[in-house]
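A.B. asks: Before we start, here is the structure in question, set down as structure tokens.
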Amino acid sequence: MGLAEWFSTFCTNIQVQQTVAISTRYKAITQRLNTDFWTTTSDTAHSLYTGSYGRNTAMNGFSDLDMIFQLPYSVYQQYDSYVGNGQSALLQAVKKSIEKRYSTTSIRADGQVILVPFSDGITFEVVPAFINTDNSYTYPDANDGGRWRTTDPKPEIDAIRSRNAACNDNLVRLCRMMRSWKQKWDVPIGGLLVDTLAYQFIENYGYRDKSFFYYDFMCRDCFKWMADQDEKQEFWKAPGSGHYVYGKGLFQYKAKRCYNISLEAIGHESANPKREWSAQQKWREIFGTAFPD
């Protein structure tokens, strides 16, 4: 197994494995909510995958599945007219609807979402929302007496999809690999910031459309790029939407550590004779056991 096969196998290993179960649950929730709020039994209409799964950047073992369910505007008018915390009442109404489908599941409303946990460790976070004229969404926040908030996931999804297509599918794989690094090294960085940084890095990267054979260079150069980010910077702009994505802590030091380890790995790869086992151990030191040995 050579370099390209290592990274190809690694990327396969970190792909989400439960796609069939996820789709089944997504359709079941969608159908139940459509039945109660839209008088249709469609299992696809009015729903949207969001978050990392919607952007196609989630890695195997992820725990939170974000989805938006669009409600009719008349429902917004109904709950917006409440004297006190119509947002909480709306969340409860959506919760009761989902409970008709998953009656034995411990479903709960939590501030802005309805949490639907499943036994394989994945929790669906259902956001009831209303479409705006600019295709953003208004959704309820029941905290502190209740208010309406706005989210705009579609431009982020479209931006990742478009750039990924222009990069020979390398952007999505890079996002997943950086998630594997985040998990292995306990990096204080959120998933959307991982995607944002990968998106910005690959825009003008020289090997952006190359094959798996260049993935060692791509990972090395991405770590270097991340390590060089200004430690005083508080936020970055999300792809597509331009919304501010705030940092959770300093990730630069661990990026620099893994940049140096990647140099060691590439040194083993280019030695004469090649030290392939040693190179693989260095990549496993960065990415964990999903990287083949």
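A.B. asks: Of everything in the stretch 201-256 that's in contact (Cβ under 8 Å) with a residue 40 or more places away in the chain and among the polar types (S, T, N, Q), which residue is farthest from Lys154 (Cα to Cα)?
C.D. replies: Going through the qualifying residues, I end up with Ser211.
A.B. asks: Which residues, taken from the stretch 63-112, are modelled with pLDDT under 95, open to solvent by less than 40 Å² (accessible area, probe 1.4 Å) and part of a strand (DSSP E or B)?
C.D. replies: Ala109, the sole residue that qualifies.
A.B. asks: Yes or no: the stretch 29-37 includes at least one residue that is of a type in the set (Ser, Thr, Tyr), over 21 Å from the mean Cα position of the chain (by Cα) and not in a helix (DSSP H, G or I).
C.D. replies: Of the stretch 29-37, the ones of a type in the set (Ser, Thr, Tyr) are 30, 35.
Subsequent filtering for residues that are over 21 Å from the mean Cα position of the chain (by Cα) retains 35.
Those still in the list that are not in a helix (DSSP H, G or I) too: none.
Checked against the condition, which is being of a type in the set (Ser, Thr, Tyr), over 21 Å from the mean Cα position of the chain (by Cα) and not in a helix (DSSP H, G or I), the stretch 29-37 yields no hits at all.
A.B. asks: A further question on this structure: Quick one: in the stretch 204-231, of everything that is surrounded by fewer than 17 Cβ atoms within 10 Å (Cβ to Cβ) and of a type in the set (A, V, I, L, M, F, W, C), which residue is farthest from Gln252 (Cα to Cα)?
C.D. replies: Applying the filter and picking the extreme gives Phe213.
A.B. asks: In the stretch 257-275, which residues are more than 16 Å from Ile189 (Cα to Cα) and touching a residue at least 60 places away in the same chain (Cβ under 8 Å)?
C.D. replies: Step one: of the stretch 257-275, the residues more than 16 Å from Ile189 (Cα to Cα) are 259-275.
Glu269, the sole residue that qualifies.
A.B. asks: Yes or no: Ala58 among the aliphatic types (A, V, I, L, M) and either under 26 Å from Asn164 (Cα atoms) or part of a loop (DSSP other than H, G, I, E, B) (or both)? First the steps, then the outcome.
C.D. replies: Values: among the aliphatic types (A, V, I, L, M): yes; either under 26 Å from Asn164 (Cα atoms) or part of a loop (DSSP other than H, G, I, E, B) (or both): yes.
Spelling it out, Ala58 is indeed among the aliphatic types (A, V, I, L, M) and either under 26 Å from Asn164 (Cα atoms) or part of a loop (DSSP other than H, G, I, E, B) (or both).
A.B. asks: Being closer than 30 Å to Val83 by Cβ, open to solvent by 10 Å² or more (accessible area, probe 1.4 Å) and in a strand (DSSP E or B) is the filter here; which residues of the stretch 116-136 pass it? Don't jump to the end; show me each part of the working.
C.D. replies: Just the residues of the stretch 116-136 that are closer than 30 Å to Val83 by Cβ, to begin with: 116, 125-134, 136.
Cutting the leftovers down to open to solvent by 10 Å² or more (accessible area, probe 1.4 Å) gives us 125, 127, 131-134.
Within the stretch 116-136, Glu125, Val127, Ile131 qualify.
A.B. asks: Val75 - would you say it is within 23 Å of Gly145 (Cβ to Cβ) and touching a residue at least 12 places away in the same chain (Cβ under 8 Å)?
C.D. replies: Values: within 23 Å of Gly145 (Cβ to Cβ): yes; touching a residue at least 12 places away in the same chain (Cβ under 8 Å): yes.
Judged against the criteria, Val75 is a match.
A.B. asks: Scan the stretch 232-265 residue by residue and report those that are open to solvent by 80 Å² or more (accessible area, probe 1.4 Å), within 29 Å of Phe291 (Cα to Cα), in contact with a helix residue (DSSP H, G or I) (Cβ under 8 Å, 6 or more places away or on another chain) and not in a helix (DSSP H, G or I).
C.D. replies: Hit for the stretch 232-265 is Lys248, nothing else.
A.B. asks: Scan the stretch 271-286 for residues that are open to solvent by less than 40 Å² (accessible area, probe 1.4 Å) and of a type outside the set (A, V, I, L, M) and jot them down.
C.D. replies: Going through the stretch 271-286, the residues open to solvent by less than 40 Å² (accessible area, probe 1.4 Å) turn out to be 271, 278-280, 283, 286.
Correct list: Ser278, Gln280, Trp283.
A.B. asks: If you scan the stretch 4-52, which residues turn out to be open to solvent by 20 Å² or more (accessible area, probe 1.4 Å), under 14 Å from Ser97 (Cα atoms) and of a type in the set (A, V, I, L, M, F, W, C)?
C.D. replies: Phe37, Trp38
The values are calculated or read from the model by the stated rules, or taken from the named source; none is laboratory data. Please read these numbers as outputs of a predicted model, since none were measured by experiment. With ideal geometry, Cβ positions are generated from the backbone for all residues, glycine too; neighbour counts draw on all protein chains shown. SASA here: full protein model, heavy atoms, side chains in, ligands and nucleic acids out. Shrake-Rupley method; radii C 1.70, N 1.55, O 1.52, S 1.80 Å.
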